[in-house]
Each structure stands twice: as structure tokens, then as C-alpha cells.
Amino acid sequence: MYRALTLPLLVTIFFHGIILAAILIDAPKEEPKVRRAATEYIRAELVTIEKLQPKKKPAKPRKKTPKKPSKKSVDESKAKRLAEEKAAREKANQKQAQETKSKQEKERKEAQEKKRQREKQQRIQEQNERELSDSIDQESALKQVTSAAELANSYIALITESIQNSWSRPPSARNNMEAELALQLMPTGEVVSVNVVKSSGNPAFDRSAEVAVLRAGRFPELQQLPIKVFEDYFRRLHLKFRPEDLRQ
Amino acid sequence: MIRTLVALCFVNFVNIAFINYAQAQLVIEITQGRDDPTSIAVVPFDWKAGGGEPVDVTAIIEADLERTGQFSPVSRDDMLGSPHESSEVFYRDWRALKVDYLLVGKMLPTANGVVAEYELFDVYTQKMVVKDRQVGTLSTLRDIAHGVSDRVYEKLTGIRGAFSTRLLYVSALESGPGQFTYRLLISDVDGARERVVLESPDPILTPSWSPDGDTIAYVSFETSRPAIFMHKLSTNQRTQLTDFKGLNGAPSWSPDGKSLALVLSKDGSPDIYVMNIETRELKRVTRHYAIDTEPSWMPDGKSIIYTSDRGGKPQIYQVTLANGYEERVTFDGSYNARARVVPGGRSIIMVHRSEQGDYQIALQDIQRGTIQVLTETSLDESPSISPNGAMLLYATKHRGKGILAEVSLDGGVKNLLPSQYGDVREPAWSPYLQ
């Protein structure tokens, strides 16, 4: 008897697993679009910094390489065995010469380093400036995206105000009663349909919410919205009527 | 078997995906409202009951709705048509007038009277809200009108209408130098059809309704000292209930109608007692050397609120009848008295002295203790509340004369009720009447 049930059970568990996975995968997708847009732009910022750095690094090794061959030519002079003393003297001379050379080189190096540092500083400054201007550019780009949300928000505020102004609660209304209405809007701001999707349990309250929307009637301001913003936020929207300012 | 399971799971999956999709929609929260009065057009009912219309039924309905402060009737001059039934209604016309609701109807003759057939429409959703009829006779046209008002009000507000209830109050009219005629009067809630229940050269005080609305109790001085009387309205039969030494006052009916709370000073200072009406048996409820007076029952009948100055100043207290446990209710202000419980029992109304020294009617939430002053005049007294808890009736002074005034419990609207008999005071709003 139980054996007969194992297969269906396994199947249901498997499918529920799929459903769970689907919910879990689906869930982050439902996060506000605004946030996603913002993270993408932060990534873009990192890329631009990487582009700038490689330009600096190859510039340094190019200046260091020409110094090494001069040391190798000094080693070759050791091969002559005919005059060891001379060679020793020469060596001493060479040492002296080397020392002076190395001193000069050191000085040169120091000067170069100073130069390099100065250049570095200049470059860092330039880079900073560039980064600053870049970030300003990025900010404005970010603004364009967030402004869609902000834009939507300001229109949400408009709609809220308009409906609140036309909402006349019945005296039987109580704080924290809740009715949810589904609205369909046209890009012209006209209300296509209003439906109570979740009743408060008080028909007079539900009707007052419905009438408030219909009394507000049109939201002509929505015409000014970019069509994308309208489609994303306002084509279909839900209104939750839940009074908080009543005395009872 | 497996197939059906798979199918079920798939349905499940689709459902969940759909729910997810639905959740993605923008949800706007509306948490405030302006609560402007609802606009309603009451089109004059078509009179088809023969002869001239003795009473303007439509005007009574309009006035009923307007007095609540929750409705603003449209002027008849602005109406674009006069429909009397659904086939004659053009929503567009009414929408242009920004009318929320439309009430139409006609008065038709019946075998032994008249009937009002009426329909109420929601102009915005273009739906009929209610269609009903109210029967009566030519002499009860006012009752028909109030009946229609009750139905319309309940449908639109979610609260039972109280337009068919009555008001009880006392008037004093100077009949000669230093002489007064006292009258106990009953009227409709709009002040119409005022009639005399009792006329006396001696003062009449604190009238109170029994829960069935057929019997009243009051204090009369006709026996040279205050005594409590019971008066059956339908038979006009009077019964004297008390004749104790000292004070006999402030009768208040229990919610079950079987007992009367009252104030007696037979044992010293005034205290609260409860009398079983059938057996006349008395039970002492409070026992304090200070003055305890003005009892009023909580809706469950298990406790009584009353005024006491045991703390030095008059304040409202509550006593539980089963164990005599007493508890102070009001703490705000130096004077709170004459409390009445709002139907539902969540708050009380009372006379409250403001910081400016004015006596005003205030509403106090019992649980939270918050006080809200409802009236703006300075000598307000004897608050009484409508059975649906929406309106408050009280006595005040207007141009030196005692009158009755009405205020909605949300503090929005105030009306003065005229009486033809001099100074009016001590109003009591009746319960719902059968």
C-alpha cells in the first residue's frame, strides 16, 4: 500500500522542489528595478578605473631597461690576463670610475625618481580629476535611471493626494480597515477599470474607496510620463485603502 | 494517478508564478481622506396617492441626511431632470453635477394608505445600491420619510439609521410672576411632532428611556419632595417608584430593562442604588461620604459609571456590580460629570470644564483616556447620545434661552433644535423603537 504511494510522493516532492526553486529564483527578480539599475552602474565605474591603471604601469619599465647593459660591458674587460697588476690597477681605476659612475647614476636615478614622482603626482592628480569628472558623469547617468523611480514616486504622490482629497470615509470606517483595489489606467491618465480585489468586510467602506477613485476620475499628469515609466509603474496598479487618521 | 499529480503540480506552479507576478505590481497606500460630505441628489418623489401632498416627504429625507453632516443634498434647482425610477436615470447628467448618489421614488396609494417605492443609485459605478418600499398612511408620512432615511443612511454609511427614534426633554415656561409650567415633551429627531407627555407646576428632572422605548422614568417634585416615577407611554400609566427621605434622583435603566440605577440620600450622603423594578428591592452600590450621583449603565449591564466628588472635584468613576470594585475613569481636567456611555461601550461622553472655565461636552476613550471636546459653546449640559452612536444631543444656552443642540460625534456638524415651549433642557435620546 505504501509502495504504491512512493512514486507519486517522490514526484510531488520533486515538483514542490521545483516550485520552491522557482519561487526562490523568481523572488529576487521582483526586487524594485531601480536598485538593479544602480548596481550595474557601480560596476561600470570599476571598469573605467581598470582602464586607467594599465596606462601607468607599462610606462615605468620602459625607463628602467636601458640601465642594465652598461654593467655587463664592465665584466667583459676582466678576460685580459697579460698584465695582472695593470689589470688590478685598471680594476681599481675602473672601480673608481664605476664608483663615480654609480654615484652619477645614483644622482641621475634620484633626479629621475623625483621627476617620476612628480609625474606620478601629476598623473594621480589628473586621474583624480578624471575620476571625479567621470563619477559626476556616472552620477548624472544614475540620476537618469533613479529619476525614473523618482518620477514614478512623484506621480504616485500626485495620485495619492488626488484620491485622498476625494475620499469620504463612512462613519463606520475604523483605523486599519483595509480594502485593496486594482486599477487599470490609460496613458492619457484615464481610469479604465476599478475592482475591489480585497474587501474590508464593510461594504460601505469598500464603496467609499471605489467612489474615491472614480471621483478623482482622471490623472492627466500621467500623460507627461515617458511611456516606459508609465508601462512599468502605472498601467496596472493596486491601491490599498487603510485609514490611519480616524478618531476611532 | 501520476498524471493527475503532475497536472496538479503544474497548476500549483502556474498559480505561484501568477501570484509572484501580481506582487510585482505597484501598490499605493491611501491612509488619509478628506471626508467631505457625500453628495446626494434626492429627487422629489412623484406623488401619485391622490390629492395634494400634505407633507414634503423628500424634504424630510433631505433634512435627515443633511443633519448628520455626512451628506450634502443637491439643490433641487440644480437638478437636470426628475427621474422617478431606474429607466429614467441618465447617469451622465448626475455625474456632471458631481453627485455621488441619487435617490428617486414615488408615492403610490395602497388599500389602506400610501407606499413609498424608492431606488438608490451609485452614480460613479452606475449601479443600483438599494431598491425598497416603505408603507404607511397619510397621517404617518413623516414616519415613511424617516424610514427611507434610515435605509439609505445604513446602506451608505454601514451604520444603522436613527431617524425614526424620538427625543425626550423638559421645558420650563414662565406662566406668571415667579411661576413656571413644566412640561415633559417627546418629539421626532428633527424636532417635529412635539407632544406633551406630562404637564406640571412642579419641576420635572432627568427623564430616562427604558431599553424598549415604551417606558420612561423621571423625577417629579409634585409630592412636595423629589420622587421617581415610571411612565408607560403607550398606556399613559404612571407609577411612583420611590418616596424616600432626602434626595431621590437620576434614574437610569439597565440594558435588560429589569433594573433602575438611581441616587438616594436616605442613608446619609447621596449614593448609587440599583432597584429591581418588579420586586422594588433595593441594593446599595456605592458607600462613600462624598456625593455619588448621575449613574449610567455600561452596555454589558455589569458595571455602572457615575459622578463622584470623593477626590475633591467631580470626576467619573466606574463600579463593578458583582464585587463593588470602584475605579476612577477620568483624570483630565478639574470637572467631569454627567457621563453617558457611547453604544459599543468604548467611550463615554460627559460635561467637561475646559481650562478657560467653559462647560463643554467631551468624548473620552475609556481604554486610552484621550479626551476630545465636541462642542464650542460655554454652558453645555446633559449630553445624550443617539442609539447608533453617531449623533450627540445636549442642552445649551442660545441668546439667553435654553435650547437643544445636536453635534455629530466626529465633531463635524452642529444643529440647533427648535422647541415651541420656552427654555428646554435635559434631553434624552430614545433607543431604537419597534
Summed side-chain charge close to B:D36 - residues other than B:D36 whose Cβ falls under 11 Å, Lys, Arg +1, Asp, Glu -1: +2
Chain B: angle of helix B:2-23 to the longest principal axis, Cα-based, in degrees nearest 10: 70
Per-residue ³J(HN,Hα) for the range B:144-152, Karplus 6.51 cos²θ - 1.76 cosθ + 1.60, θ = phi - 60°, Hz, x for Gly and Pro: 4, 4, 5, x, 5, 4, 4, 5, 5
FRET E, pair B:Q420, B:S72, Förster distance 45 Å, beta-carbon r, rounded to 0.05: 0.95
Hits among aspartates and glutamates - C-alpha to C-alpha of B:K258 under 13 Å, sequence gap 8 or more where chains match: B:D212, B:E278, B:E281
At R0 = 51 Å, FRET efficiency that the Cβ-Cβ distance of B:K313 and B:Q434 yields, to 0.05: 0.75
Listed residue pairs exceeding 29 Å between alpha carbons, taken from B:K98/B:K131; B:K106/B:K401; B:K131/B:K414; B:K155/B:K232; B:K98/B:K155: B:K106/B:K401; B:K131/B:K414; B:K155/B:K232
Computed label-point distance, nm, for sites B:R399 and B:E355 using a 7 Å Cα→Cβ extension: 3.4
Relative contact order (%) - criterion: Cα under 8 Å, at least six apart; region: chain B: 10
Paramagnetic reach from B:T239 (point 7 Å along Cα→Cβ, amide N under 12 Å) across the range B:246-282: B:258-260, B:276-281
Cα shape, the range B:329-434, gyration tensor, a/c 1.5 rule: oblate
Per-pair calculated FRET efficiency, R0 = 56 Å: B:V196 and A:L7 via Cβ, rounded to 0.05: 0.05
Sequence of A:R174, B:R95 once ranked by neighbouring C-beta atoms within 10 Å, starting from the fewest: A:R174, B:R95
Folded to 0 to 90 degrees: helix B:57-67 orientation relative to chain B principal axis, Cα: 70
Chain B: C-alpha gyration tensor shape, a/c 1.5 cut-off, then a/b vs b/c: oblate
Rounded, prolate or oblate (a/c below 1.5 giving rounded, otherwise prolate when a/b exceeds b/c) for the range A:142-247 by Cα gyration tensor: prolate
Under-5 Å amide H pairs with B:E29, H placed in peptide plane, nonlocal only: A:K240
In nm, spacing of pseudo-spin labels at A:R235 and A:E150 (7 Å Cα→C-beta vector): 2.6
Extension gain from B:R346 to B:A96, taking 0.36 nm per residue of separation minus the Cα-Cα distance: 85.8 nm
Debye-sum result for the range B:35-157 in log10 I(q)/I(0), which assumes one identical scatterer on each alpha carbon, at q = 0.19, 0.21 Å⁻¹: -1.00, -1.21
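No lab work stands behind these numbers, since they all come straight from the coordinates. These numbers come from a predicted model, not from an experiment. Positions of Cβ are generated from backbone atoms using ideal geometry, with glycine treated the same way; all protein chains shown enter the neighbour counts.
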